[in-house]
Amino acid sequence: MKILVTNDDGYSARGIKSLVNILTKYGEVTVVAPKTHQSGTSMAVTLGFRPIAVRDLGEIDGARWIYVDATPASCVKFAIDNVYTDGKPDLVVSGINHGANAATAACYSGTLGAAEEASLNGIPAIGVSLDNIRKDADFSGVEALFPSLFERIMASGAFGVGTYFNVNFPDLPVAEIKGVRLAHMGLGHWEKEFQKWDTDYFSRRKIDLEAYNVHWEDVVPGQEEELYFMVGTFVDDDRNDTGADHRLVKDGYVAVTIHNFDNTDYARMERLKADGFEYDY
């Protein structure tokens, strides 16, 4: 099996290294990942006719590694066009993301954007995330439990046109993870997302800005400019039930959500048809 691995945290992130270690026993692994951090890029592609840097790092720990200075979805496109020249990969796995991609965070996720790009090209895809944004996050729970879940997903026969899996692990020791649950995407939104730049915010939370491709020497406002940064507070929605993916993760379960790039609301479309919404000129 030819497995393409990518992510949105950048090729040097700890999570993607863990994922490669897991997957090398299942097939021929090739990594094509962003050069730098690309969180929140969803399915965005790198346009604008600018030159895109690519570097083939060769064989590392049983996998071929390539970085592309582009978005995760662009990395998948590049791999299909320029790496798998004799055919497409059999599977794309994106992650392991530093931070959960549950609830409406899935709409913004570069991790899932790569999986969606794969599904758009008819390739089965899985996004994997851990509910811990820190650079030094402990992926041992994922490393212990994902292999059996991966095998179950691959044997499920659940992949179809546009289908991709979204797997979210709680940030817990293996012994405290309760199990695996099929989930639906939870509802929620963010408030007060733009805050004035605060250097102490990051040091208090032990967030390494370099991992997010932010360099202190570049944090200088232009003339008459003010600096802000985007963080926000997630507000849960009262309409969520216990089957919402983010609530399952909070309760100690691995949440598995099946997404599809076709987001047409067919039930409401049929209702509108039945109500006579359509008409002729």
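Every number here is computed from the coordinates shown, using simple stated rules; none is lab data. Small disclaimer: the values here were computed from a predicted structure and weren't measured. Quick reminder, even Gly has a Cβ in these numbers, built from the backbone with ideal geometry, and neighbours come from all protein chains shown.
Tabulated data for the structure shown
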{"quantity": "Check: the chain dipole with +1 on Lys, Arg Cβ and -1 on Asp, Glu Cβ, in debye", "calculated": "680"}
{"quantity": "20 Å Cα-Cα reach of Lys17 towards lysines, excluding residues that sit fewer than 8 places from it in its own chain", "calculated": "Lys2, Lys25, Lys35, Lys135"}
{"quantity": "Most mobile of Ala137, Ala73, Ala33 in a GNM of the chain (Cα contacts under 10 Å)", "calculated": "Ala137"}
{"quantity": "Long-range amide H partners of Trp190 with built H, under 5 Å", "calculated": "Val235"}
{"quantity": "Counting all C-alpha pairs of the range 102-232, share separated by more than 22 Å (%)", "calculated": "53"}
{"quantity": "Under 12 Å from the Met230 label point (7 Å along Cα→beta-carbon), backbone N, the range 93-135", "calculated": "108-110"}
{"quantity": "Distribution of pairwise C-alpha distances over the range 64-171, 10 Å bins, in %", "calculated": "14, 44, 36, 6"}
{"quantity": "Karplus (6.51, -1.76, 1.60) ³J(HN,Hα), θ = phi - 60°, over the range 110-124, in Hz, Gly and Pro reported as x", "calculated": "x, 4, 6, x, 5, 5, 5, 4, 4, 5, 4, 9, x, 10, x"}
{"quantity": "Approximate spin-label separation Ser203-Tyr279, in nm, with each point projected 7 Å along Cα-to-Cβ", "calculated": "6.6"}
{"quantity": "In sequence order, calculated HN-Hα J values of the range 202-214 (Karplus, 6.51, -1.76, 1.60; Hz; x Gly/Pro)", "calculated": "6, 5, 4, 9, 6, 9, 8, 5, 4, 5, 9, 6, 10"}
{"quantity": "Spacing of the two label points (7 Å from each Cα toward its C-beta) at Met1 and Lys250, in nm", "calculated": "3.3"}
{"quantity": "Listed residues Gly222, Gly179, Gly188, most fluctuating in the chain (Gaussian network, C-alpha, under 10 Å)", "calculated": "Gly222"}
{"quantity": "Cβ crowding within 10 Å averaged over residues, with 1-11, 206-216, 59-69 ranked highest first", "calculated": "1-11, 59-69, 206-216"}
{"quantity": "Cα→Cβ-extended label distance, 7 Å offset, between Asp81 and Asp136, nm", "calculated": "4.0"}
{"quantity": "For the chain, built as a Gaussian network whose Cα springs stay under 10 Å, the top-fluctuating residue of Glu217, Glu143, Glu116", "calculated": "Glu217"}
{"quantity": "Length released on extending from Phe261 to Asn213, taking residue separation times 0.36 nm less the Cα-Cα span", "calculated": "14.4 nm"}
{"quantity": "Ranked Lys178, Lys192, criterion: other C-beta atoms within 10 Å, fewest first", "calculated": "Lys192, Lys178"}
{"quantity": "Computed FRET value (nearest 0.05) for Thr36 with Arg64, which takes r as the C-beta separation and R₀ as 22 Å", "calculated": "0.65"}
